[in-house]
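Notes follow the structure.
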Amino acid sequence: MPLLSYNEARPWAKAIRAAVLEGKMPPWSPDPRYGRFSNDLSLAPGEKEKIVAWVDAGAPEGKAVDAPGAKVFPQGWQIPQPDVVFEMPETFHVPAAGAIEYQFIRVPTNFTEDKWIQMAEVRPSNRAVVHHAIVVVEAPEYRGREEYLGGYAPGMSPQIWRPGQARLVRAGSTLIFQMHYSANGKPAEDRTKIGLVFAKEPVTEKIIGMQAMPPELAIPPGASNFRVDGVATIRQDSKLVAMRAHMHVRGKSFQMRAVYPNGESEILLDIPKYDFNWQPYYYLETPKPLPRGTRIESTGYFDNSANNPFNPDPSATIFWGPQSWDEMMIGWFDIAVDVLAGGNN
């Protein structure tokens, strides 16, 4: 529902109160005991109480003279005007029904020199049918090896790195759009694009995307709390800057940990109630040093029982696969590596 004015919000006052008290809104899943994130959407101390008190008082309008100016939402890009925009070369026609295979669409950059990317935003033209979109980079000298550049999924915001930090796109690279479409009952069209903003000052840290994921996955029928683990090892001194959890509809909870070379372990991100419909990146307020040899571990628990209302088939063994009725377990994370120490390789 729109909430741009008092008249639009007032009819929903009781529903707003209930959603705030139950913790459904604003949507923020991490356990606050672990990690501080710059994009934290949770209410500040006292804000929940103010909303509840307002509703309990009859949701009065207040004085118009005290109202702040109307919020202006950006039309188009949420990042500054991109320096370059890459778009799918053709419109994809989404059928009204049926399973749709993942689409992998190659778009050449035609860059004649290396480019440092400080901001990236993926924009579907039709969000109603785009389940998610991931754009990766394939450099000409590393054909077959892909690096994450940007993505779209519910809850994700544009990637905006701090001054001095950026992702590297090498000259001659090709972008690959990985598109997951979902039919919604009527024919539709989409032509997703990505906008990039180049770094305007010298880059000292390269942002590299990594994954902590299992070598295989098989969830038994009826299992209500099945554990799956993944791991990735840091090969050079770096800093952890962001994390993201990814599972499908059987995902129940998720956790990421760092195991340091001295054997100490630390919880980095804990999501006690995973929500398939809300999968943002979590950006650390303060980057966390990761010495060479640190292991990043991810653990996901799955509910493949009949008690899971989102489970398509509790009687089936579930394997790794791209569709929502298959499963995945990926701990995405980004590290910052000193360019002078080899981070430009």
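Observations on the structure shown:
- Test: residue in the stretch 297-319 that is within 17 Å of S29 (Cα to Cα), part of a loop (DSSP other than H, G, I, E, B) and within 17 Å of the chain's Cα centre (by Cα): no
- S315 being loosely packed, with under 15 Cβ neighbours inside 10 Å, in contact with a Lys or Arg (Cβ under 7 Å, 6 or more places away or on another chain), farther than 30 Å from Q118 by Cα and not assigned by TED's automatic domain parsing to the domain that holds A153: no
- Criterion applied to G46, G69 was being at positive phi, over 26 Å from the mean Cα position of the chain (by Cα), free of Cβ contacts under 8 Å to residues at least 24 places away in the same chain and exposed (fewer than 15 other Cβ atoms within 10 Å of the Cβ), and the one residue passing it is G46.
- Qualifying positions in the stretch 242-282 - part of a loop (DSSP other than H, G, I, E, B), surrounded by fewer than 19 Cβ atoms within 10 Å (Cβ to Cβ) and polar (S, T, N, Q): N262, N277
- Once the stretch 140-163 is narrowed to residues that are among the small types (G, A, S) and buried (at least 18 other Cβ atoms within 10 Å of the Cβ), the residue that is farthest from the chain's Cα centre (by Cα) is G150.
- Meets criteria (over 29 Å from Y102 (Cα atoms), of a type in the set (A, V, I, L, M, F, W, C) and exposed (fewer than 14 other Cβ atoms within 10 Å of the Cβ)) for L340: yes
- Close Cβ contacts (under 7 Å, 6 or more residues apart or on different chains) running from residues in the stretch 263-286 that are in contact (Cβ under 8 Å) with a residue 60 or more places away in the chain and closer than 18 Å to I335 by Cβ to residues that are assigned to a strand (DSSP E or B) and of a type in the set (V, I, T) comprise Y283/V241; L284/V241.
- All positions within the stretch 108-133 that are over 22 Å from the mean Cα position of the chain (by Cα) and buried (at least 16 other Cβ atoms within 10 Å of the Cβ): T109, K115
- Look at the stretch 143-158: where a residue is aliphatic (A, V, I, L, M) and a partner is assigned to a loop (DSSP other than H, G, I, E, B), sitting 6+ places away or on another chain with Cβ atoms under 7 Å, you get A153/Q279; M156/Q279; M156/P280; M156/Y281.
- When residues of the stretch 90-112 are limited to those that are part of a loop (DSSP other than H, G, I, E, B) and either in contact with a Lys or Arg (Cβ under 9 Å, 6 or more places away or on another chain) or aliphatic (A, V, I, L, M) (or both), the one farthest from H132 (Cα to Cα): F111
- Checked against (1) in a loop (DSSP other than H, G, I, E, B); (2) in contact (Cβ under 8 Å) with a residue 60 or more places away in the chain; (3) touching a strand residue (DSSP E or B) at 6+ places or on another chain (Cβ under 9 Å); (4) in the same structural domain as N184 (by TED's automatic domain parsing), A120 meets all criteria but (1).
- Remark: pairs (first residue in the stretch 212-225, under 27 Å from F333 (Cβ atoms); second residue of a type in the set (K, R); Cβ separation under 8 Å; 6+ apart in sequence or on different chains) = I219/R250; N225/K252.
The values are calculated or read from the model by the stated rules, or taken from the named source; none is laboratory data. Note that the coordinates shown come from a computational prediction; the quantities given were computed from them, not determined experimentally. Using ideal geometry, Cβ is built from the backbone for each residue, glycine included, and neighbour counts are taken over all protein chains shown.
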